[in-house]
2 protein chains.
Amino acid sequence: MILRDLGEFNLIKRLSRRIKLSACVVKGIGDDAAVLRYKKDRHLLFTTDMLIEGRHFLKSSGGYLIGKKSMSVNVSDIAAMGGIPLAAVISLGVPPSLSLDFVDGLYRGIREIAGKFKIDLVGGDTVRSKKIVINIALTGEVEKASLVLRNGARPGDVIFVTGAIGGSLNKRHLNFTPRVKEAGFLVKSYKIHSMIDVSDGLIADLGHILESSRAGAVIHEKDIPISRDAKNFKTAIVDGEDFELIFTVSNRTADRLIKKWPFRTRLSKIGHICKDCKCLCLISKDNKKQKQKIKGYAHF
Amino acid sequence: MILRDLGEFNLIKRLSRRIKLSACVVKGIGDDAAVLRYKKDRHLLFTTDMLIEGRHFLKSSGGYLIGKKSMSVNVSDIAAMGGIPLAAVISLGVPPSLSLDFVDGLYRGIREIAGKFKIDLVGGDTVRSKKIVINIALTGEVEKASLVLRNGARPGDVIFVTGAIGGSLNKRHLNFTPRVKEAGFLVKSYKIHSMIDVSDGLIADLGHILESSRAGAVIHEKDIPISRDAKNFKTAIVDGEDFELIFTVSNRTADRLIKKWPFRTRLSKIGHICKDCKCLCLISKDNKKQKQKIKGYAHF
């Protein structure tokens with residue numbers, strides 16, 4: 001059997017099953033970041049992302065934007081837990097024929113995002129590689145009371161998404177702002193039941209919340225904010241790499257939140273968590289109910 | 001200008017120079033692992049290593065040994081700081097045509113080393129890649145009093161190396177035991193002035209200690225323990241990937257240490273840190289003094 005037959009998400013499940021964890025781990029594999037015991041009032045967060053030339057970026061986009069993306073995708077994971085980033089280590093695989101200009105640009109992009117979010121760049125590894133490979137691992141911290149996992153969605157919860165989704169590959173995936181500020185406001189001001197960032201696509205990532213929370217949901221086409229970069233609605237909801245936040249809160253919190261939302265970043269109520277069903281249903285503009293296959297971008 | 005013209009070590013220096021760090025960082029780029037503020041009596045360690053098919057391993061070696069290596073190289077970095085490992089995140093780039101057997105073996109190797117050193121495997125990333133790429137990032141902790149950096153070598157110090165070096169590429173580089181036990185004994189029982197693990201080669205890594213400590217050294221060919229896997233003395237001292245420890249202690253400590261060394265792992269006194277010179281001199285078996293160019297394995 002080869003990996004293509006198994007699929008990416010089944011592989012992750014298969015590998016996770018055989019792992020035993022110590023009491024230091026609050027949450028292991030299966031969320032945007034791992035959660036580890038740290039200090040009296042705070043947990044340590046730990047995440048990693050690998051970006052490969054030709055898959056996550058084209059060399060022609062230039063080092064600077066690629067550097068920004070490689071750091072921002074990790075920051076987005078920390079934000080989705082309700083935390084703030086702390087320190088990063090950077091592994092870089094590069095061909096010896098690569099121009100110094102490209103690498104200088106790459107690190108300028110990395111430093112820019114690190115500076116913006118006060119992240120310490122503390123180490124790394126450089127190796128020779130035919131294709132450019134960038135792996136960043138990032139720690140963060142979260143107040144215990146602010147921690148949000150994927151698995152807390154409750155029946156009746158309202159589902160929100162920040163920004164607009166779809167068509168990110170046109171450009172936005174290289175140059176987005178991780179929603180640290182918005183997530184920070186949310187977890188400090190309200191009881192957020194579940195949260196995730198949109199990396200695999202709206203349907204897949206909402207699907208991760210539903211699977212973890214053993215719940216279903218109904219969402220409405222008319223309420224889902226589609227980016228003007230998106231080809232159409234159908235592709236937008238599975239495109240991925242939007243790096244917006246999906247989160248759920250109680251009905252009462254939802255009303256208060258909509259009134260108090262202080263950011264220019266768009267906030268949209270797109271549906272709610274179901275009481276009975278265990279599937280994800282989309283209500284189309286002409287009021288038809290479509291059961292969604294929970295799929296998004298899978299690497300194999 | 002391209003990376004090949006600059007060289008790996010100059011690239012690292014160039015990238016490190018532009019980085020500003022917060023007060024949370026005890027030691028950033030330039031040691032085996034980064035050192036971060038953590039708890040009252042302990043620091044957090046943070047390291048990462050990227051392994052690429054065809055460079056650090058051949059696919060034909062099988063997933064199991066490759067998995068062991070990918071975890072062990074990181075553990076060795078934590079050991080060289082005087083610490084113990086805690087939690088790891090694993091990024092895996094793989095072709096969809098790779099067999100599930102290979103990946104199962106890979107994770108079996110990773111889990112074996114993780115189990116041996118009580119490391120929690122808490123997260124990761126899987127992506128599609130033409131060549132197999134494995135990146136592991138590992139945290140650890142070290143008692144403040146036990147922390148050893150590269151930069152503490154003092155004139156008159158005796159230089160030790162564990163095990164035997166050279167020819168690791170024949171097989172040992174895939175299946176070695178990181179010197180956690182030995183390093184733990186050393187830092188708990190003695191004042192270790194400086195320490196590093198041998199990844200770039202004996203000469204290059206002793207060179208890193210000398211450069212960080214602004215010191216020179218004299219070492220003796222007759223005292224350097226050469227592995228039976230090594231081709232000859234000349235290659236052995238630059239081969240790399242030995243993952244033994246080089247460390248320095250005062251003359252007085254050296255005498256006590258040799259008497260008390262409780263392990264079967266060989267321990268060799270190979271020379272001493274100089275009072276005056278700033279270079280690395282090798283005394284050959286026929287008593288000739290050879291100034292060494294501090295070079296070892298560089299990726300470009």
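General remarks:
- Counting every other Cβ atom within 10 Å of each residue's Cβ, A:R55, B:R264, B:R18, B:R228 order from fewest to most as B:R264, B:R228, B:R18, A:R55.
- Top of B:M195, B:M50, B:M71 by mean-square fluctuation, Gaussian network on chain B, Cα under 10 Å: B:M50
- Per-residue average of Cβ from other chains inside 10 Å of B:26-37: 3
- Sequence ranges B:180-187, A:204-211, ranked by mean other-Cβ count within 10 angstrom, highest first: A:204-211, B:180-187
- With the label put 7 angstrom out from Cα along the Cα-to-Cβ vector, B:N170 ends up 6.1 nm from the copy partners, going from closest to farthest.
- Here the relative contact order of chain B, from alpha carbon pairs under 8 Å that lie six or more residues apart, stands at 21 percent.
- Considering only A:L21, A:L106, A:L44, the Gaussian network model of chain A with Cα springs below 10 Å gives its largest mean-square fluctuation to A:L21.
- Above-threshold pairs, the threshold being 28 Å between Cα atoms, out of A:K20/B:K39; B:K68/B:K291; A:K118/B:K181; A:K13/A:K291; A:K144/A:K260: B:K68/B:K291; A:K118/B:K181
- Ellipsoid semi-axes in whole angstrom, largest first, where each is sqrt(5λ) of the Cα gyration tensor of the protein assembly as shown: 47, 23, 22
- Both radii are taken from the alpha-carbon atoms of chain A; with Rh as the Kirkwood radius, Rg/Rh is 0.96.
- The 3J(HN,Hα) values that the Karplus relation (6.51, -1.76, 1.60; θ = phi - 60°) gives for the range A:222-238 are, in residue order, 4, 9, 7, x, 9, 5, 5, 6, 6, 5, 7, 4, 4, 6, 4, 7, 10 Hz. Gly and Pro appear as x.
- Kirkwood estimate for the range B:3-145, i.e. one over the average of 1/r between Cα atoms, Å: 16.3 Å
- Stokes-Einstein D for the range A:148-291, Kirkwood Rh over Cα pairs, 37 °C, 0.692 mPa s (µm²/s): 218 µm²/s
- No Cys partner within the rule (Cβ under 4.7 Å), chain B: B:C24, B:C279, B:C281
- For chain B, built as a Gaussian network whose Cα springs stay under 10 Å, the top-fluctuating residue of B:I258, B:I237, B:I84: B:I258
- At an R0 of 56 angstrom, the distance between the Cβ atoms of B:S22 and A:Q290 translates into a FRET efficiency of 0.70.
- Sorting the segments A:116-126, B:108-118 by their residues' average number of neighbouring beta-carbon atoms within 10 angstrom, most packed first, yields A:116-126, B:108-118.
- Antiparallel DSSP beta bridges within the range B:69-227, as percent of all bridges there, nearest 5: 45 percent
- Test item: A:136-143 mean partner chain Cβ contacts at 10 Å: 4
- Share, in percent, of DSSP beta bridges within the range A:3-145 that are antiparallel, nearest 5: 75 percent
- Of the complete DSSP H runs in chain B, those spanning 20 angstrom or more by Cα along the long axis with a mean Kyte-Doolittle score not below -0.5 are B:63-79, B:100-116.
Each reported figure results from applying straightforward, stated rules to the coordinates on display, with no laboratory input. Worth saying up front: this structure is predicted, and the values here are computed from it rather than measured. No Cβ is skipped: glycine too gets one built from the backbone with ideal geometry, and neighbour counts run over all protein chains shown.
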